[in-house]
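Where a number appears in this text, it was derived from the coordinates with a stated rule and is not lab data. Treat the numbers as computed from the prediction; the structure is a model and nothing was measured. Here Cβ is always computed from backbone atoms with ideal geometry, including for glycine, and neighbour counts include all displayed protein chains.
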Amino acid sequence: MKPSLLLTLDSMRFANTGLHTFGHSLGREILRQGDAALAVNAYTYPSQLGFLGAAAGYVRHRKFHRWFFPLRARFDVVHFTDQYCRFGPARVGGKTVMTVHDLNQLYEQPAGSRKLERHMRRMQVKIAGADRVVAISHFVAADVVRHFPAARDKISVIYNGTDHSCAPAGHRPAVVPDGAFLFALGMVCAKKNFHVLVPLLRGNDRTLVIAGIVKEEYRQVILAAAAACGVSERVVITGPVSQHDKDWYYAHCEAFVFPSLAEGFGLPVIEAMHHGKPVFLSALTSLPEIGGTAAYYFDSFEPAAMARVLERGLAHFADGGAARVRSHAAQFTWAKAGAAYLDLYRSCLGEA
């Protein structure tokens, strides 16, 4: 009888997020590589039941699982694929692996705030209860060990992969900019820092296209910046877009711009590179690690400094840049990530 594995994928409830992409891509890869050796099961909301096909088993999310998980003894290994699952390692009897995607609250919440303290207490319990902890970047691993030293001897780093896809021939999104445009992708919220991109439109005819789930309060911040710069007609906030639309924007943009203040990995960075596009990032948290020498970095958010980085980067990229970024992006695959997680599961089963 094959050992049983449970992947907690309840964060896939929310499409157009990094956690949805992670769960969807890793779940399929684990099943593809591990089906012969493991009985793979997915813990999901009803809307995701069956997404791995008939070869996988499914456990439906229930509200009471926060206090009681009746299948505690059923699984040999439980992989909490993010730190947000309704139940934690204490609720199961098998070996446990937990992937930590970030400790971004450290950068978003005021030091000493009640919200931050509650979050860190919950993380402390989960990390202490997990047999193995995985960070999606060395930056995140360092954050975890700094704040939870007990994780030092059980933490490892497994990079995310990326799915390289292209829009079908002839596809066009509902919003097609006139002329050259900069593209930004992610939840439209303060952490993403998109408003600092607006001054890059001054003195040229570029459009800025921002796609992602919108927090209305922050949308107004961006629109106010556009009005102050006199470029309101050239700032487009699309809201969530389809995969085909996203691929079209990657393929046709002049550059991908991502001045985020806090990232555990930054999947759009590698997605844009797969399309052979210049990528301009903040120099904060994990982004220099993921973008490497293939990306260009805003070391200041002062408008003139950002404009210099953009123009110099575009000029440099014109000389072989597309090949460089595609080569860099090719290092990050779900096949590698899946194989690394399967090795970790086997190690846990060996200990058991």
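Working ranking of peptides 203-210, 132-139 by packing, defined as the average number of other Cβ atoms within 10 Å per residue, highest first, is 132-139, 203-210. Taken over the stretch 1-157, the convex hull of the Cα atoms encloses 120 Å³ per residue. In the chain, the longest principal axis of the Cα atoms and the axis of helix 334-351 are about 20 degrees apart. Once the Cα atoms are used to define both axes, helix 138-147 deviates from the longest principal axis of the chain by about 60 degrees. Among the lysines, which have Cα under 27 Å from the Cα of Lys246 when same-chain residues fewer than 8 positions away are ignored? Reachable lysines: Lys191, Lys192, Lys215, Lys277, Lys336.
If the viscosity is 1.567 mPa s and the temperature 4 °C, what Stokes-Einstein diffusion coefficient in µm²/s follows for the chain when Rh is the Kirkwood radius over Cα pairs? Here the translational diffusion coefficient equals 61 µm²/s.
Distance between the modelled labels on Arg32 and Arg172, one decimal in nanometres: 3.3 nm (7 Å Cα→Cβ projection).
The distance from the alpha carbon centre of the stretch 13-45 to that of the stretch 283-352 is 23 Å, rounded to a whole number.
Relative to the longest principal axis of the Cα atoms of the chain, the long axis of helix 303-317 makes an angle of roughly 80 degrees.
Loop only per DSSP, at most 16 neighbouring Cβ atoms within 10 Å: give me the chymotrypsin sites (Phe, Trp or Tyr not before Pro) in the stretch 290-329, ordered by residue number. Those that pass, being in a loop and sparsely packed, are Phe301.
When the Cα gyration tensor is reduced to axis lengths a ≥ b ≥ c, the ratio a/c stays below 1.5 for the stretch 181-329, which is therefore classed as rounded. By the rule of a C-alpha distance below 17 Å, with chain neighbours fewer than 8 residues away ignored, the aspartates and glutamates paired with Lys126 are Asp10, Asp82, Asp102, Glu117, Asp143, Asp153.
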